[in-house]
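One structure is given below, encoded as structure tokens.
The values are calculated or read from the model by the stated rules, or taken from the named source; none is laboratory data. Owing to the predicted nature of the structure, the values given are computational and were not obtained by experimental measurement. All Cβ positions, glycine included, derive from the backbone under ideal geometry; neighbour counts span all protein chains shown.
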Amino acid sequence: MKNITIRRLQRKDCEIISQSFAKQGWNKPKEQYENYFEEQEKGKRVVIIAEYCKKFAGYVTIKWDSIYPAFKERNIPEIKDLNVLIKYRKNRIGTMLINEAEKIVKCRSELVGLRVGLTSDYGVAQALYIKRGYMPDKLGIHYKNRQLNYGEEIFVDDELTLGFIKNL
């Protein structure tokens, strides 16, 4: 799309990203993005930014060495933390960010993984990933990177996830 630019995170973006999410009521501290930038500089992570009409619109990251055991054991890079500002949704920005992330991962791996939350807040993301060919990793749900067993009680929050893998 003409109005959308995809590029890598720069240090100057950290404050802009944090402020942009704060304006819609989300707590995403500048330090999170400064940490992402440092990891990107060290080659541990790639951070892809989307701009809509030259304004920050969203981002996604690639973590080369996932802490999720199912991906770590198989050296599967993980797409993490896809976020698009609410006012820019429905402009295919999320799709463009995932396309770019998959393109980058494909240069290093035939497989890519991601995890998605299980509450209704993640419903759109769940549908997007399935539509794109991601399949459950067959390991069930995890809480804080730990596989849950039948009968366990847990606190439902953003740490409750299901892993997906895709052949690129």
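Structure above, values below:
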{"read-out": "Any hit, the stretch 52-61, residues being under 24 Å from Leu162 (Cβ atoms), buried (at least 17 other Cβ atoms within 10 Å of the Cβ) and polar (S, T, N, Q)", "value": "yes"}
{"read-out": "Residues satisfying the stated conditions in the stretch 30-58, i.e. in contact with a helix residue (DSSP H, G or I) (Cβ under 7 Å, 6 or more places away or on another chain) and among the hydroxyl-bearing types (Ser, Thr, Tyr)", "value": "Tyr33, Tyr52"}
{"read-out": "Any strands (runs of 3 or more DSSP E) falling wholly within the stretch 56-168 and containing at least 1 residues that are without any contact (Cβ under 8 Å) to a residue 40 or more places away in the chain and more than 27 Å from Lys42 (Cα to Cα)", "value": "135-143"}
{"read-out": "Where Tyr36 falls short, out of the listed (1) among the aromatic types (Phe, Trp, Tyr); (2) closer than 26 Å to His142 by Cβ; (3) surrounded by fewer than 19 Cβ atoms within 10 Å (Cβ to Cβ)", "value": "(3)"}
{"read-out": "Selection within the stretch 19-55 - touching a strand residue (DSSP E or B) at 6+ places or on another chain (Cβ under 6 Å), among the hydrophobic types (A, V, I, L, M, F, W, C) and either assigned to a helix (DSSP H, G or I) or at pLDDT below 95 (or both)", "value": "none"}
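Residues are listed down the side, and each one gets a yes or a no for (1) of a type in the set (Phe, Trp, Tyr); (2) within 22 Å of Asn145 (Cα to Cα):
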site	(1), (2)
Lys2	no, no
Glu39	no, yes
Tyr52	yes, no
Pro69	no, yes
Gly94	no, no
Lys103	no, no
